[in-house]
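Peer 1: One structure follows; several queries about it will come next.
Every read-out reported here was derived from the displayed coordinates using simple, explicitly stated rules and does not represent laboratory data. Just so it is clear, the structure is predicted and the values come from calculations on it, not from any experiment. Positions of Cβ are generated from backbone atoms using ideal geometry, with glycine treated the same way; all protein chains shown enter the neighbour counts.
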Amino acid sequence: MSEQEREQNKKINQLNRRVGRLERTIDTLNLDLEPDGRISEAFEQIENHLDEQDKRFDEQDKKFDRLSHDINQIKASLNFIVEHLTGVNDLPEE
């Protein structure tokens, strides 16, 4: 076998190994990207987590709205009591 043939065989073997690595990489990517693959599963878990967070935020918003309403009612009641006790609403006009 001549030197030129050995070099060609060496290059062919290198290219065959490289093609084999590329095929394995593509297979791995296909497995990761398919509908039930790891990446799709990760996105689904993130989406579920975000949905749960949205529900929690909605619950917190409702509680905050209720608390604000209750505070406003307490303020109104306190104003009424202070006006009644101090007679502020009965100030002389002259």
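Peer 1: For segment 46-67, indicate whether the set of residues that are of a type in the set (F, W, Y), surrounded by 10 or more Cβ atoms within 10 Å (Cβ to Cβ) and over 17 Å from the mean Cα position of the chain (by Cα) is non-empty.
Peer 2: Of all residues in segment 46-67, those of a type in the set (F, W, Y) come to 57, 64.
From the residues that got through so far, the ones that are surrounded by 10 or more Cβ atoms within 10 Å (Cβ to Cβ) too are 57, 64.
Narrowing the set further to residues that are over 17 Å from the mean Cα position of the chain (by Cα) leaves 64.
The answer is yes, given that some residue of segment 46-67 is of a type in the set (F, W, Y), surrounded by 10 or more Cβ atoms within 10 Å (Cβ to Cβ) and over 17 Å from the mean Cα position of the chain (by Cα).
Peer 1: Please verify whether segment 17-29 includes one or more residues that are in contact with a helix residue (DSSP H, G or I) (Cβ under 7 Å, 6 or more places away or on another chain) and part of a helix (DSSP H, G or I). First the steps, then the outcome.
Peer 2: So in segment 17-29, the residues in contact with a helix residue (DSSP H, G or I) (Cβ under 7 Å, 6 or more places away or on another chain) come out as none.
Taking every residue of segment 17-29 in turn, none turns out to be in contact with a helix residue (DSSP H, G or I) (Cβ under 7 Å, 6 or more places away or on another chain) and part of a helix (DSSP H, G or I).
Peer 1: Pull out all pairs, ordered by first then second residue, where Cβ-Cβ is under 7 Å, the residues are six or more apart or on different chains, the first lies in segment 29-53 and is of a type in the set (A, V, I, L, M), and the second is not in a helix (DSSP H, G or I).
Peer 2: L31/G37
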